[in-house]
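Student: Take a look at the following structure, please.
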């Protein structure tokens, strides 16, 4: 089609594809092909069968594709065919919803033949895919991919979709998610999707491998339900400034029980080269991850040569946690409760509430407040013992109480205090 605001409805597109075909060849069976001359195209109420591509939108903006059925869309794990809907080269503001995709070979359902149900690529921005039902894809059910030489993809929304038995081939790379994002992108929202029985990850969100020029991220991945996946529940690869969680993640690591976690951060992108300086400044909420015995909630594999990079992780019992660039847990905020009975104690970055219960006086040493490990530390001190707790700052650090500066403080019996470090050598103390 090449007419603006066209409408295609109520047609049975029956092709003759029996193999993946070759991209660009005349043998490639396509149901509908539209380009930039057909803005505002509406496609609804159709059936697409025995094709290599059901609907191909090449630079077709503002299209609406809804209430269609796709089956026997034939591709493979290696050939770039087998797409239910392909939106590429600036098919901006495309709205894809309420479609049904059956990726198995019809009618026997003996194997998967559809590569991707929905593929949004090559710089297409502000598209939305919502409330689609996808079953049995070879690779990702919803795949998003843009290279460094193409226009950055921005503002995509993937919401309310159900994907079952995707990444469903022994030849599919295991780093693929049922929802798979790779490449030059930012500002995506992936929320309220249900992912079941993925052979790979549930969701994978990756930057460009080895590329620190086209930095990717600023995505939001929240409210998704992920259950029964082969590898990680959610992987963030070479990407920063993302908000991940809370998500409902249940059974993971089915390919190797106890090996893979609910959420993973890594500096590598889709199994390729590391992205220098990433992942950084990601905020991960693990509070709604169910972790049966033998399963991990969270892992970080990162560049050890970037120890100053910070990622913020909350929801790890007993409290919020912050990890540096080489994956070391450096602090919890309001988390671990420590009981001190000895006569001397050095405050730890892992402490949240420290209770002193010794029958004698206690010497409390405060570590350097300008260290990475104490950056932003906040906690409370409670003295329920019989003696006085004397806190002493390190070196030139200052303890500031009610505007006054000192090098030490005293905490009498049955008294408490709030203590915080601003990371600049200043301890803020509030006695009460």
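The values are calculated or read from the model by the stated rules, or taken from the named source; none is laboratory data. None of these values were measured; they are calculated from a predicted model. Reconstructed Cβ throughout: ideal geometry from the backbone, glycine too, with neighbour counts over all protein chains shown.
Student: Do you know which residues across region 409-432 are more than 22 Å from residue 359 (Cβ to Cβ), at pLDDT 90 or above and loosely packed, with under 15 Cβ neighbours inside 10 Å?
Tutor: 418
Student: Pick out the one residue from 63, 19 that is surrounded by fewer than 23 Cβ atoms within 10 Å (Cβ to Cβ) and in contact (Cβ under 8 Å) with a residue 12 or more places away in the chain. Before the answer, list the steps.
Tutor: Details: 63 fails: surrounded by fewer than 23 Cβ atoms within 10 Å (Cβ to Cβ).
Just one listed residue meets the conditions, 19.
Student: Can you say whether residue 262 is assigned to a loop (DSSP other than H, G, I, E, B) and either at pLDDT below 75 or farther than 24 Å from residue 379 by Cα (or both), as far as the supplied structure shows? Please lay out each step first, then the result.
Tutor: Details: assigned to a loop (DSSP other than H, G, I, E, B): no; either at pLDDT below 75 or farther than 24 Å from residue 379 by Cα (or both): yes.
Spelling it out, it is not the case that residue 262 is assigned to a loop (DSSP other than H, G, I, E, B) and either at pLDDT below 75 or farther than 24 Å from residue 379 by Cα (or both).
Student: A further question on this structure: With crowded, with 24+ Cβ neighbours inside 10 Å and either farther than 14 Å from residue 180 by Cβ or at pLDDT below 85 (or both) as the only criterion, which of 254, 208, 196, 215 stands out?
Tutor: Working: 254 fails: crowded, with 24+ Cβ neighbours inside 10 Å; 196 fails: crowded, with 24+ Cβ neighbours inside 10 Å; 215 fails: crowded, with 24+ Cβ neighbours inside 10 Å.
Exactly one residue qualifies, and that residue is 208.
Student: Every residue in region 114-137 that is surrounded by fewer than 24 Cβ atoms within 10 Å (Cβ to Cβ) and out of contact with any strand residue (DSSP E or B) (no Cβ under 6 Å at 6 or more places or on another chain), please.
Tutor: Answer for region 114-137, where residues must be surrounded by fewer than 24 Cβ atoms within 10 Å (Cβ to Cβ) and out of contact with any strand residue (DSSP E or B) (no Cβ under 6 Å at 6 or more places or on another chain): just 126.
Student: Among the residues of region 368-391, which ones are over 19 Å from residue 341 (Cβ atoms) and touching a strand residue (DSSP E or B) at 6+ places or on another chain (Cβ under 8 Å)?
Tutor: Listed by number, the residues that qualify are 369, 372, 373, 374, 375, 376, 377, 378.
Student: Oh, and also: Restricting attention to region 218-235, which residues are assigned to a strand (DSSP E or B) and either at pLDDT below 90 or more than 14 Å from residue 179 (Cα to Cα) (or both)?
Tutor: Result: 228, single match.
Student: Output the residues belonging to region 138-168 that are crowded, with 19+ Cβ neighbours inside 10 Å, in contact (Cβ under 8 Å) with a residue 40 or more places away in the chain and not in a strand (DSSP E or B).
Tutor: If the condition is that a residue be crowded, with 19+ Cβ neighbours inside 10 Å, in contact (Cβ under 8 Å) with a residue 40 or more places away in the chain and not in a strand (DSSP E or B), then 138, 139, 140, 141, 165, 166, 167, 168 are the ones that fit.
Student: Okay, moving on. Take residues that are under 21 Å from residue 163 (Cα atoms) and tell me which of the strands (runs of 3 or more DSSP E) falling wholly in region 8-106 contain 1 or more.
Tutor: Details: elements: 12-14, 30-34, 42-44, 47-51, 53-58, 64-66, 69-73, 83-88, 95-97, 100-102.
Because the criterion is at least 1 residues that are under 21 Å from residue 163 (Cα atoms), the strands (runs of 3 or more DSSP E) in region 8-106 that meet it are 42-44, 47-51, 53-58, 64-66, 69-73, 83-88, 95-97, 100-102.
Student: Out of all the residues in region 415-429, is one or more in contact (Cβ under 8 Å) with a residue 12 or more places away in the chain, touching a strand residue (DSSP E or B) at 6+ places or on another chain (Cβ under 6 Å) and in a loop (DSSP other than H, G, I, E, B)?
Tutor: No: zero hits.
Student: Based on this model, can you work out whether residue 348 counts as in contact (Cβ under 8 Å) with a residue 24 or more places away in the chain, surrounded by fewer than 19 Cβ atoms within 10 Å (Cβ to Cβ) and within 26 Å of residue 313 (Cβ to Cβ)?
Tutor: Values: in contact (Cβ under 8 Å) with a residue 24 or more places away in the chain: no; surrounded by fewer than 19 Cβ atoms within 10 Å (Cβ to Cβ): yes; within 26 Å of residue 313 (Cβ to Cβ): yes.
For residue 348, the condition - in contact (Cβ under 8 Å) with a residue 24 or more places away in the chain, surrounded by fewer than 19 Cβ atoms within 10 Å (Cβ to Cβ) and within 26 Å of residue 313 (Cβ to Cβ) - is not met.
Student: Could you check, for region 108-119, whether at least one of its residues is assigned to a loop (DSSP other than H, G, I, E, B), modelled with pLDDT under 90 and under 21 Å from the mean Cα position of the chain (by Cα)?
Tutor: No, region 108-119 has no match at all.
Student: If you take the residues of region 335-352 that are closer than 12 Å to residue 373 by Cα and outside any strand (DSSP E or B), which of them is modelled with the highest pLDDT?
Tutor: Of the residues in region 335-352, the ones closer than 12 Å to residue 373 by Cα are 347-351.
Checking the rest, the ones that are also outside any strand (DSSP E or B) come to 347-350.
Working: 347: 91, 348: 84, 349: 77, 350: 73.
This residue is 347.
Quick grid of which residues meet (1) at pLDDT 95 or above; (2) farther than 23 Å from residue 188 by Cβ:
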site: 68; (1), (2): yes, yes
site: 72; (1), (2): no, yes
site: 76; (1), (2): no, yes
site: 95; (1), (2): yes, no
